[in-house]
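Just below is one structure, and these are the notes that go with it.
Read the figures in this text as sums done on the coordinates, not as results from a lab. Keep in mind that what you see is a predicted model, and the values were worked out from it rather than measured. Here the Cβ is made from the backbone with ideal geometry for all residues, glycine too, and neighbour counts use every protein chain on show.
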Amino acid sequence: MIAQELPTVMVVDDEPEVLMAVTDALEDEFYVLTSTSPLKARAMLEGDDIAPLVIISDQRMPGMAGHEFLRWARELSDATRVLITGYTDIDALGAAVNAGQIFGYLPKPWTPDRLGRLIREAAEHCAVRRALAEERLLLSHLMNSVPDPIAFKDKNLRYLRSNVAHAKALGVDNPDDLIGRTDQEIGAEGAARREAADQAALEAGITVTDIQQDAPASAEAPSRRRWYSVVRSTFKDGEGATEGLVTIARDITAAKEAEQALSEAHATLERRVAERTEDLAATARDLLAARKAADMANEAKSRYLATVAHELRTPLTGVIGFSELLLRGGVSPGEWHRLLTLQAEAGRTLLGLLDDILDLSKIEAGRLTLENLPLDFRTLVDDCIALVRPSASGKGLAFNSAVTSALPAKIMGDPTRLRQVVLNLLTNAVKFTPAGSVSLTAEVLPPPAGLGGAPSRLRVCVADTGIGIPPERLSGLFEEFSQVDETTARRFGGTGLGLAICRRLVEHMDGRIGVESVPGQGSRFWFELPLAVSAEEAAALPPLTGAGPQAPSGRARGGRRILLVEDDRSTQILVSTILRGVGHEVDIVDNGAAAVQAVDTGTYDLVFMDMHMPVMGGLEATTRIRALQRTPDRPLPPLVVLTAGVTAEERERCRAVGLEIFLSKPVDLEKLLLTAATVGLPGGEGDAHD
């Protein structure tokens, strides 16, 4: 494996012989970057060229201790940090590990085996954290990009998650405000009817589809109500017990209104038949034709949306199911990695499907704009091959490519869309070829005979020795959601949108696309495009330089006594662990009433206050704390809002009771530490607005 393909490890030590020893121990598995200076290492991290999985630092170095450098590095990189130390003092070692937020340490003298095991564990830890963060981002993006209302509820009908469209349909601005609440607690119109339908779906344990009428659409049209086709599907735990359900609603108001209008027109037609038989007969034929067309269009749309819903539910089930398995606990580290890998694959499948649907929608709506830029087609082909070659090599496939020398160095076209077509054809060829070879050829064809002045054509062919395609399936292969058959979809995956998008893109570029195939022997996909030669080389863009502003240090100025008012157990553990790790003393209460009593009877330097809690919320608790009697030598502590629901309206309510400092969830650890260290101190942070 070449160095660029190995995961990167950075090593900082002021002794060159140590750097050499570490490099020798790790170079078979990692690409090792070394530096004898923490300052030079920081400059390397500030650049955009490296993204190490692990940063290793010696503890004792001139000018800066290892834990100080690693705390510094944490501001620039999410890499896992490891300390190499000769400390024998356990207390000193513990302080260094806590100060640098370090994953692990290796005492001197170390052996290559111990070093290798620790660095492999640290690299896997970083990779898992990155994969989990990406999966969460993809799932959140998917949920909020889908225009249809989507929500998850537990078996007690309390919301687990909601997308923006669903929250807005209930008249709620922030989907997070729904979490843990029922429809009736929210006070949404039609709550009892919706919960009855949800309960019926839970008891049936199957997917249920019905039509429901909801609240007025908007203040601008208060008399117009919305109609939805709602799919309720239960999900189960690993033992088959129903855990909750997911609802997906599709707005069918237009279809219902069209149906009602058509019904009224039909009634009018029947009333006038006796008076104007001939004219109304013609009108009846026109209306019937329109109704048939509308029904056919609605049926096609329903089939399309049903297919999309099915394709979304399949990977979404994987994402949710693997999350539930992880949350149940008792999973070995190896199984953690496998489940997170499967979860990430499901998330990527969801994102790929969404991208394909958006591309297809743009094309059908006529909103796809093609660029016409100079491009190097040979480099484009090499880039595509580099992306699929690992999959081909993993299956033992031979890979060949040939681009004719007659092709100019620069041609005109849309590099993004051309790369999308070539990459899709190569990916399909590798996917459907169990053994043998895949090849790509590109040639220049003369203008078609009889068309004077027509340009030459670029013809690209991708051939494989794969499973092939039956003749009866070839004609529909480039249609939306088309697969050779259901067993192909189950065996090889895919949504059936890729080739449909390729056809639309090629035709949009005034080209054509086709396929020839023999079952059991392989397939040959090709496309042709008009060849336009670039008159000049494309201008090179200057590289971006410089680094952004650095995050402030969150190291505490000194241990302070802090009251954390928070009802969520995971947030309690996270925040208290971080604060205690830098020397603060933290007391925890889980509701506003307990907070008032704690401040009244105790002495605190700072209070972190959640807003939404049982028994008593943060606003009422703040008002009561402000009313407590205090003396000059025992003043009231400053209060900081720490909540997931800091909307503009909620900020105004907080300011009305004297709360001016806000930190939002998910918690930014640097801002948390900076606030804990400075708020309320002379010359300290006066306003930590998030």
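Quick notes on this one:
- Here the extension length gained between Ala627 and Thr277 equals 117.6 nm, from 0.36 nm per residue of separation less the Cα-Cα distance.
- Using a Förster distance of 35 Å, the FRET efficiency for Ser439-His337 (Cβ separation, nearest 0.05): 0.50
- Modelled spin labels at Glu17 and Leu636, positioned 7 Å past Cα toward Cβ, are 6.5 nm from each other.
- Potential lengthening between Asp113 and Asp567 on full extension [0.36 nm per residue; Cα-Cα distance subtracted]: 159.0 nm
- Dimensions of segment 561-678 from C-alpha coordinates, computed as largest minus smallest value along each principal axis and given longest first, are 33, 33, 26 Å.
- Between Val32 and Val9, the built amide H atoms are under 5 Å apart, and every one of these is 5 or more places off in sequence or on another chain.
- Taking 7 Å steps out from each Cα toward its Cβ at His141 and Asp78 produces label points 1.3 nm apart.
- Estimated FRET transfer efficiency (Asp668, Lys410; beta-carbon r; R0 45 Å; 0.05): 0.45
- Calculated P(r) tail over 24 Å for segment 373-530, as whole % of Cα pairs: 33
- Net charge dipole, segment 373-530: roughly 260 debye, given to the nearest 20, about the Cα centre with Cβ charges of +1 for Lys and Arg and -1 for Asp and Glu.
- Segment Arg291-Phe399, extension gain: residue separation times 0.36 nm, minus the distance between their alpha carbons: 33.5 nm
- Segment 3-138: Cα Rg divided by the 2.2 N^0.38 Å rule of thumb: 0.99
- Between Glu27 and Ala191, the simple label model (points 7 Å from Cα in the Cβ direction) yields a spacing of 6.8 nm.
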